[in-house]
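K.L.:
Take a look at this one; I'll ask things after.
The values are calculated or read from the model by the stated rules, or taken from the named source; none is laboratory data. Keep in mind that this is a model prediction, so the values were computed, not measured. Because the Cβ atoms are built from the backbone with ideal geometry, glycine has one as well, and the counts that use them run over all protein chains shown. Side chains included, ligands, DNA and RNA excluded: accessible areas come from the protein's heavy atoms. Shrake-Rupley method; radii C 1.70, N 1.55, O 1.52, S 1.80 Å.
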Amino acid sequence: MAEAATFERAPTPGAEPGRPILEVDDLRVHFYTRDGIVRAVEGVSFTLNRGETLGIVGESGCGKSVTAMSMLQLLPQPPAKIESGTVLFEGRDLLTLSDRKIRNVRGNEISMIFQEPMTSLNPVLTIGLQITESIVLHQGLSKKAANQRAAEMLELVRIPDPKQRLGEYPHQLSGGMRQRVMIAMALSCNPKVLIADEPTTALDVTIQAQILNLMLELKKDLGAAIILITHDLGVIAETAERVVVMYAGRKVEEAKVKDLFSRPLHPYTHGLMGSIPRLNEVVEEGATRRLQEIEGTVPSLIEPIPGCAFAPRCTFATARCHREAPPLEQHRPDHWAACWETERLEALRHGPE
């Protein structure tokens, strides 16, 4: 990938290699609607290290995308309101930046790949115009130089005939090609952080694998840190180093990926693991194995939740779980979980330590 050298970034002055590039602390986001206050994100905190891939996983509606969009002030206010929290990016709190300053960050230092490329791309503008717009705005290049950079970016994401594609429209490309265009747009200004929100949801499994491998290769070549938002634990296992598990707007577990998969500490995470198909699992001849399901539904986020949000669906829940919200505590090195019954769950699942 010879073109990658064109986009190498010089080290940030004063940057400490071991210091997180992004720090989210106690983020709370509410939506004020006719039906009431929707508590979409409740006290979420995490860090992103330089060059790291951090996975954020959970069911639809758990607050993953709202968290990401809040960090870049992409939610309309109202109805959304950021009630509290800080989002420190290289020491700057993104939530306090003016409209002009946050626009300089979006697409330039922090880029985002949205869920559905067909709705994210403008259908009446050519691919070239949509890529060069941010290059001209943030990099100050001429139109000719921006077109050259755009062609190089399309080649970088392995789109054939990149110069020809610049003059085409989104409907002329396949779903996989459109997603590659979205990645090219996100990387065109060489961002330090890339937020990928369900980047493979609408793609078939073969194209999914290609897109994920491409993102990892580009991360290695360009040095960007990645936040990967998904509901697919299989994607997390293949791509991330650390993972945050969210449920009903709250962070319920955080760990290194290998630790989470080998010994999850929260019942919700156990439920997600049980819903993964296992192709190499041995069963008796003629027997069938049903995928496990988490019974019940996600609670309404309009009414305050007094205890653990997962308690109504949890087989380990006690009266205390319904009454008191468990704090997020470190139970093993670099492994955090918000559950009152972690020890009992561990004993039943794996036996005593």
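The rows are residues; the columns are (1) aromatic (Phe, Trp, Tyr); (2) touching a helix residue (DSSP H, G or I) at 6+ places or on another chain (Cβ under 8 Å); (3) over 27 Å from residue 216 (Cβ atoms); (4) open to solvent by 80 Å² or more (accessible area, probe 1.4 Å).
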site	(1), (2), (3), (4)
125	no, no, yes, no
130	no, yes, no, no
134	no, yes, no, no
139	no, yes, no, no
147	no, yes, yes, no
152	no, yes, no, no
156	no, yes, no, no
159	no, yes, no, no
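K.L.:
So, in the range 167-190, how many residues would count as being part of a loop (DSSP other than H, G, I, E, B) and either crowded, with 19+ Cβ neighbours inside 10 Å or at pLDDT below 85 (or both)?
P.N.:
5
K.L.:
Which residue is surrounded by the most Cβ atoms within 10 Å (Cβ to Cβ), if the candidates are limited to the range 274-294 and must be farther than 15 Å from residue 316 by Cβ and modelled with pLDDT of 65 or more?
P.N.:
This residue is 276.
K.L.:
Is the range 202-212 home to any residue that is modelled with pLDDT under 90, among the hydroxyl-bearing types (Ser, Thr, Tyr), surrounded by fewer than 17 Cβ atoms within 10 Å (Cβ to Cβ) and not in a loop (DSSP other than H, G, I, E, B)?
P.N.:
For the range 202-212, residues modelled with pLDDT under 90, among the hydroxyl-bearing types (Ser, Thr, Tyr), surrounded by fewer than 17 Cβ atoms within 10 Å (Cβ to Cβ) and not in a loop (DSSP other than H, G, I, E, B): present.
K.L.:
Continuing with the same structure: Could you pull out every one of the strands (runs of 3 or more DSSP E) wholly within the range 16-86 that has 2 or more residues that are open to solvent by 20 Å² or more (accessible area, probe 1.4 Å) and closer than 24 Å to residue 225 by Cα?
P.N.:
22-33, 36-48
K.L.:
Here is a further query. Sort out which residues of the range 253-273 are assigned to a strand (DSSP E or B) and either open to solvent by 10 Å² or more (accessible area, probe 1.4 Å) or not hydrophobic (A, V, I, L, M, F, W, C) (or both), and write them in order of number.
P.N.:
Across the range 253-273, the qualifying residues are 253, 254, 256.
K.L.:
Now for a separate question. Take the conditions out of contact with any Asp or Glu (no Cβ under 6 Å at 6 or more places or on another chain) and modelled with pLDDT under 90 and apply them to residue 317. Does it pass?
P.N.:
Yes.
K.L.:
Here is a follow-up. Just to be sure before I move on: is residue 120 out of contact with any Leu (no Cβ under 8 Å at 6 or more places or on another chain), within 25 Å of residue 54 (Cα to Cα) and small (Gly, Ala, Ser) in the structure I sent?
P.N.:
For residue 120, the condition - out of contact with any Leu (no Cβ under 8 Å at 6 or more places or on another chain), within 25 Å of residue 54 (Cα to Cα) and small (Gly, Ala, Ser) - is met.
K.L.:
May I ask you to list pairs of residues, at least six apart or on different chains, whose Cβ atoms are under 7 Å apart, with the first in the range 301-325 being under 22 Å from residue 347 (Cα atoms) and open to solvent by 50 Å² or more (accessible area, probe 1.4 Å) and the second being hydrophobic (A, V, I, L, M, F, W, C) and not in a loop (DSSP other than H, G, I, E, B)?
P.N.:
So the pair list comes out as 322/311.
K.L.:
Being surrounded by fewer than 20 Cβ atoms within 10 Å (Cβ to Cβ) and within 12 Å of the chain's Cα centre (by Cα) is the filter here; which residues of the range 213-232 pass it?
P.N.:
Result: 231, 232.
K.L.:
With the requirement that a residue be assigned to a loop (DSSP other than H, G, I, E, B) and acidic (Asp, Glu), what does the range 87-130 give you?
P.N.:
Within the range 87-130, 90, 109, 116 meet the criteria.
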